[in-house]
Amino acid sequence: WFIAISCLIIGAAIVLGVRFATYKPDNVPYHANFSLYINGRHELFRGTQYYAETEMCTADIAMTPMGRAHMHDNVNNVVHVEDHAVTWGQFFTNLGWYMGPNFIQSPDGTMYLENGNSRLHLLFNNQDYTDLGGVANTVIKDQDKLLVSFGDESSSTLRQQYNAIPSTAHKYDMSKDIGSCGSHSSTTMHDRLKYMF
């Protein structure tokens, strides 16, 4: 019995030690970059309705749709993701834009529906998603990069639009996000011990 109990204790200690050493915190909040073009015109999201104010991030509001994914400080190309499983479609809906597999609708109700050569082009993480049914149901991941461009655009124009999207998500991940509804706290001993069990 002594050997069996000793092996059990040693095995449990190894498993718990591995869990302690390999703990990775659940990284929410995080950030992604994007741009939207309609018929070659870059949408700049001018207006306060597109941006979450820092004072909105209270316990009561943090998990509303706008609290889950939004923009801050008139920076029109950075998505602040504050919760799990937020999709690109949900983010655009928060901005008043509605996206489907072959259309996008603006906040004023203007429908941009594919016809002729005008199409909804999607470049996502450097890959063309135009013919893959859209990204509306795709969960936003840390440091994703998305171009949504409606119109009769050449592949070189689409590539220029995509390349113009700043890659600043990592910078925002590393900085203290004063507008965050979550926190960027470092891993604590308590977090590791809690994860072990």
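The values are calculated or read from the model by the stated rules, or taken from the named source; none is laboratory data. The model shown is predicted, which means the values in this text are computed figures rather than measured ones. Methodologically, a virtual Cβ is constructed for each residue, glycine included, from the backbone with ideal geometry; neighbour enumeration extends over all protein chains shown. Protein only, heavy atoms only, side chains kept; ligands, DNA and RNA dropped before computing areas. Shrake-Rupley method; radii C 1.70, N 1.55, O 1.52, S 1.80 Å.
Scanning segment 61-89 for residues that are at pLDDT below 80 and in contact with a helix residue (DSSP H, G or I) (Cβ under 9 Å, 6 or more places away or on another chain) returns Ile61, Ala62, Thr64, Pro65. Checked against the criterion of being under 30 Å from Gly133 (Cβ atoms), at pLDDT 90 or above and either part of a helix (DSSP H, G or I) or under 15 Å from the mean Cα position of the chain (by Cα) (or both), segment 6-14 contains not a single residue that satisfies it. With respect to Val79, is the statement that it is touching a His at 6+ places or on another chain (Cβ under 7 Å) and not in a helix (DSSP H, G or I) true? Criteria met by Val79. Only one of (1) more than 19 Å from the chain's Cα centre (by Cα); (2) at pLDDT 90 or above is not met by Leu36, so which one is it? All conditions pass for Leu36, except number (1).
So which residues in segment 159-173 are assigned to a helix (DSSP H, G or I) and open to solvent by 30 Å² or more (accessible area, probe 1.4 Å), if there are any at all? Give the derivation first.
The initial filter retains those residues of segment 159-173 that are assigned to a helix (DSSP H, G or I), namely 159-163, 169-173.
Once the filter is applied, which keeps residues that are assigned to a helix (DSSP H, G or I) and open to solvent by 30 Å² or more (accessible area, probe 1.4 Å), segment 159-173 yields Arg159, Gln160, Asn163, His170, Lys171, Tyr172.
Looking at segment 113-135, can you tell me whether even one residue there is assigned to a loop (DSSP other than H, G, I, E, B), acidic (Asp, Glu), closer than 22 Å to Ser175 by Cα and open to solvent by 50 Å² or more (accessible area, probe 1.4 Å)?
The first filter runs over segment 113-135 and keeps only residues assigned to a loop (DSSP other than H, G, I, E, B), leaving 114, 116-117, 125-126, 129-135.
Filter once more, so that each one left must be acidic (Asp, Glu): 114, 131.
Filter again for closer than 22 Å to Ser175 by Cα, leaving none.
No.
Remark: pairs (first residue in segment 31-50, on the phi > 0 side of the Ramachandran plot; second residue open to solvent by 10 Å² or more (accessible area, probe 1.4 Å) and among the β-branched types (Val, Ile, Thr); Cβ separation under 9 Å; 6+ apart in sequence or on different chains) = Gly40/Thr157.
Tell me, please, whether a residue that is within 17 Å of the chain's Cα centre (by Cα) and part of a helix (DSSP H, G or I) can be found in segment 136-156.
If we filter segment 136-156 for residues that are within 17 Å of the chain's Cα centre (by Cα), which is where we start, we get 136-148.
This time we only want the ones that are part of a helix (DSSP H, G or I), so: none.
No, segment 136-156 has no match at all.
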